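Structure, as structure tokens:
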Amino acid sequence: MTLPNIYFVVFGVLFLLVLAFAISLFYGYMITKRVISDNSRLRDIYEEQREQTIAQQEALNVLRDEKKNSEKALEELKESILNNSQIQMLQQKTGGLKKHITDTAKMNDEELMAWVDQQMDETEMFRKSDLTLKEMSSSLGLTQRRLSQILKSNKEYGRFADYLTAKRLVLVCKLLHEQPDWTIDAICKEAGFSSRRNFQDLFKNKLGVTPSQYRWQHGIGGQTDEVSQS
């Protein structure tokens with residue numbers, strides 16, 4: 001083999017070695033780049049999941065606060081409606097009154113209010129969805145003006161419609177506990193509410209929760225057919 005041929009062979013071998021080294025470097029660079037890219041993507045996924053976890057925790061805290069507020073509103077309702085100490089006191093004060101008492105003209109506003117409340121609890125005429133002030137006053141043997149006057153004099157009610165709502169909501173709470181198999185719609189009608197949507201709005205406004213949520217908070221199993229809230 002001549003010297004030029006030897007140089008040619010050596011040059012060829014060196015060229016191949018350099019080419020192989022360059023290819024290995026390029027391959028290593030691509031692998032490193034891919035690893036860095038994968039790590040960056042994993043880091044982004046981790047940050048996204050971390051943000052979602054924080055958001056879920058914040059949402060959970062909000063739900064806990066809402067539950068506390070609902071429980072507080074429920075206690076306030078119990079004090080103002082279910083456990084109305086003023087009405088209980090007046091009922092005790094006029095406990096000697098009988099169903100047949102008709103001489104209401106001699107009663108003052110407090111005594112008459114207690115008597116009316118007693119008659120309503122016994123007759124439950126408020127279950128009639130279309131009960132009017134005229135019909136109620138006639139049943140009690142009072143004038144519309146006199147009945148309206150004593151309702152307005154009571155701080156808990158004020159208006160005829162507010163009084164009916166209060167009596168009906170008390171009955172609703174009672175039925176939710178005593179009739180767990182009844183649907184919300186059935187309880188709504190039984191208590192005298194003609195509009196289910198209006199009933200749910202009044203219930204949530206007074207207690208801070210829907211009837212189904214009330215059942216859930218008190219561990220009462222039951223059916224629900226509530227109108228979805230927007």
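Bear in mind these aren't lab numbers, they're just calculated from the coordinates by the rules spelled out. None of the values given here were measured: they were computed from a predicted structure. Every residue, glycine among them, receives a Cβ derived from its backbone with ideal geometry; neighbour counts consider all protein chains shown.
By the gyration tensor of its Cα atoms, with a ≥ b ≥ c the square roots of the eigenvalues, what is the shape of the range 180-224: rounded for a/c under 1.5, prolate for a/b over b/c, or oblate?
Verdict is oblate for the range 180-224.
When ranked by the protection proxy of mean other Cβ atoms within 10 Å per residue, highest first, what sequence do the peptides 112-122, 192-202 form? Kindly include the intermediate steps, with their values, before the conclusion.
Details: 112-122: 19.1, 192-202: 16.6.
Put in order of decreasing packing, that is 112-122, 192-202.
Using alpha-carbon positions, what is the distance between the centroids of the range 110-134 and the range 5-66, in Å?
78 Å
Taking the mean number of other Cβ atoms within 10 Å as a proxy for protection, how do you rank 34-46, 150-162 from highest to lowest?
Working: 34-46: 10.0, 150-162: 15.4.
My ranking of the peptides, most packed first, is 150-162, 34-46.
Quick one: dipole size for the range 109-225, taken about the Cα centre, charges +1 on Lys/Arg Cβ and -1 on Asp/Glu Cβ, in debye to the nearest 20. Can you show the working numbers first?
Values: 17 positive and 17 negative charges, 91 e Å.
I would put it at about 440 debye.
Assign unit charges at the C-beta atoms only (+1 for Lys and Arg, -1 for Asp and Glu), then state the dipole size of the range 103-172 relative to its Cα centre in Debye, rounded to the nearest 20.
Details: 11 positive and 12 negative charges, 66 e Å.
So the magnitude is around 320 debye.
Starting at the first residue of the range 39-46, write each ³J(HN,Hα) from the Karplus equation 6.51 cos²θ - 1.76 cosθ + 1.60 with θ = phi - 60°, in whole Hz, x for Gly and Pro.
For the range 39-46, the Karplus-derived couplings read 5, 5, 5, 5, 5, 5, 5, 4 Hz, x marking Gly and Pro.
Note down the nm distance, to one decimal, between modelled labels 7 Å out along Cα→Cβ at residue 217 and at residue 58.
Result: 2.6 nm between the two label points.
On a 23 Å Cα-Cα criterion, which of the cross-link pairs 68/204; 72/152; 128/167 come out too long? Before the final figure, lay out the partial values.
Numbers: 68/204 15 Å; 72/152 27 Å; 128/167 12 Å.
Table pairs above 23 Å Cα-Cα are 72/152.
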